[in-house]
Amino acid sequence: MKNKYSIFSLIKNAFTNHENWQRAWRDPEPKKEYDAVIIGGGGHGLATAYYLAKKHQMNNIAVVEKGWIGGGNTGRNTTIIRSNYLWDASAGLYDHALKLWEGLSQELNYNVMFSQRGVMNLAHNLQDVRDLKRRTHANRLNGIDAVWLSTDQVKKFCPIINTSQDIRYPVLGGTLQKRAGTARHDAVAWGYARGADELGVDILQNCEVKGIKRIGNKIEGLETTKGFIKTKKVGVVAAGHSSVLADMAGLRLPLESKPLQALVSEPVKPIIDTVVMSNAVHAYVSQSDKGELVIGAGTDDYVSYSQKGSHEIVEGTLQAILELYPIFSRMRMLRQWGGIVDICPDASPIISKTSIEGLYFNCGWGTGGFKATPGSGDLFAHTIANNEPHKLNAAFNINRFVSGDLVDEHGAAAVAH
Amino acid sequence: MFIINCPYCGEREQSEFKAGGEAHIVRPKQPTELSDDEWAEYLFMRKNIKGIQLERWVHIHGCRKWFNMVRDTSNDQIHAVYKMGEKPPIK
């Protein structure tokens, strides 16, 4: 690697006031033709390009991004990583990603600050208890670490939770995945961008796709704001805007794009050293390394591309947080924002070929795509390179909406979608 | 948060309403005749438009009546509301 990051490079650059660091990726002009083009420079898109170049020797490829890389949902999520999904197909997919997370900083020579601080899912009613226990068993059968915690064990693991039985939704127990945790979201995009660039991938920022050209049933290229780019393979990884791009190719998708909100508080000293999620009251909270509480809210129920959500959603989440963590009652919130998430009817993603030759879609991640970033990129790259899905993403094909073989993770994944 | 003009009750806060998705999806007249592709189209495929979209809403915490709306999904601006069974006020 031309500019390997290490303690030595840090010391060396300290002597020149850090003014001589090489830029992490180039800013090239588009070539006339590529072997494949990925639409969308978020974590999933950049990871796809990285693995295409690294594992499938496709080096004449580009990533086109209408804004700047990592400026969409990659920079807007609450950075939670876990793999405790109920169904076998989902467990395989998300645990593949989790295993890649475990070596990602070394793989990319870029500190993605992956922190296996554990994710705890709370149960607030009897049905929650049954569902979460069932999911714990399913996880363990799939080789995924999961344990059931009693109310006392929950309190011991995270002492600031109010486990009093007279609150509106008392804590009746919870599950814990210790290998789960968080990572620095921006670093994931930057690390993959740097790695892909190193392998020859052109990352074209401020380059918006205006049209997808095809002749007959074959992809010919892309109309972009930087001119026509010829290519035979296009991988679309555009999250909330997937339907807009599908429409350009004359394809219909089973997606609805909705606002999902998150917020952070003012920074405080370390107070919560894990991630706690509550499905029933839809509140989840962790603490960033800067000290801010990172709080995830729910989606609105209407279609919107405005990157704004309703106030009542945030209010509902904060009510739940206050009841569960009375210690936060005087915390002030610093920022609140929204991202547009593309939700499938079964709340599982699509990583698939389409009926158009050379057109591939990776979409439908809904509210939980960040955790899958490395796995999603790896499997999508495999699908594009071989024109066939990997066995881990075979179930996540687009035809499941015709065959009825859905991967129904609504609620079952321990978070309300 | 936006104000929605319920055609039956007048202007109310959005929190009183629930969105019901894309409007004017016609239920198949002969469900038994449908192919798998047609079922998928009816059940799952959505326009998910960025821009002017026709959609259904229900005044769930009010009169509980369904109605239709013309809304710009790129900026959440509501252009019109109209009752079930009526033609959309724009094309």
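Over 13 Å apart: what share of the alpha carbon pairs of the stretch A:80-123 falls there, rounded to a whole percent? Above the 13 Å cut-off, the stretch A:80-123 has 59 percent of its Cα pairs. Within the shell of other residues whose beta carbon sits under 15 angstrom from the beta carbon of residue A:220, the net charge comes to +4, with Lys and Arg scored +1 and Asp and Glu -1. Partnerless cysteines in chain B, where a partner means another cysteine C-beta under 4.7 angstrom, comprise B:63. Each helix, a run of at least 4 DSSP H residues, gives -39500 (n - 2.57); summed and divided by the residues of the protein assembly as shown, these come to -7500 deg cm²/dmol at 222 nm.
Residues of the stretch A:277-302 whose accessible area, computed with a 1.4 Å probe over protein heavy atoms, drops by at least 30 Å² once all protein chains are present relative to their chain alone are A:301, A:302. Interface size, chains A and B: roughly 2100 Å² of accessible area buried, both sides included, 1.4 Å probe, rounded to the nearest 100. Close amide H pairs (under 5 Å, H built 1.01 Å from N) link residue B:46 with A:253, A:255, residues at least 5 positions away or on another chain. Accessible surface for residue A:223 stands near 80 Å², nearest 10, in the context of the full protein assembly shown (1.4 Å probe). The orientation-averaged shadow of the Cα convex hull for the stretch A:281-417, equal to a quarter of the hull surface, comes to 10.3 nm². Ligands, DNA and RNA left out, the 1.4 Å accessible surface of the protein assembly as shown is 51% carbon and sulfur atoms.
Size descriptors for the protein assembly as shown, from the alpha-carbon set: Rg then Dmax equal 23.3, 77 Å.
Here r is the Cβ-Cβ distance between residue A:327 and residue A:150 and R0 is 25 Å; the resulting FRET efficiency, rounded to 0.05, is 0.70.
Size descriptors for the stretch B:3-83: radius of gyration and Dmax over Cα atoms are 14.7, 43 Å. Measuring nothing but alpha carbons in the stretch A:34-91 and taking Rh as the Kirkwood radius, the Rg to Rh ratio lands at 1.08. Burial annotation for the stretch B:22-44: residues with an accessible-area loss of at least 50 Å² between the isolated chain and the complete set of protein chains, computed on heavy atoms with a 1.4 Å probe, are B:44. By a 1.4 Å probe calculation restricted to protein chains, residue B:11 has an accessible surface near 130 Å², given to the nearest 10. Note on chain A: with a GNM built from Cα contacts shorter than 10 Å, the maximum mean-square fluctuation among A:167, A:272, A:69 falls on A:167. Measuring with a 1.4 Å probe in the full set of protein chains, what accessible area per residue, in whole Å², belongs to chain A? In whole numbers, chain A has 41 Å² accessible per residue.
The values are calculated or read from the model by the stated rules, or taken from the named source; none is laboratory data. Quick caveat, the model's predicted, so the values are computed rather than measured. Because the Cβ atoms are built from the backbone with ideal geometry, glycine has one as well, and the counts that use them run over all protein chains shown. Remember, those area values only see protein heavy atoms, side chains included, never the ligands or the DNA or RNA. Shrake-Rupley method; radii C 1.70, N 1.55, O 1.52, S 1.80 Å.
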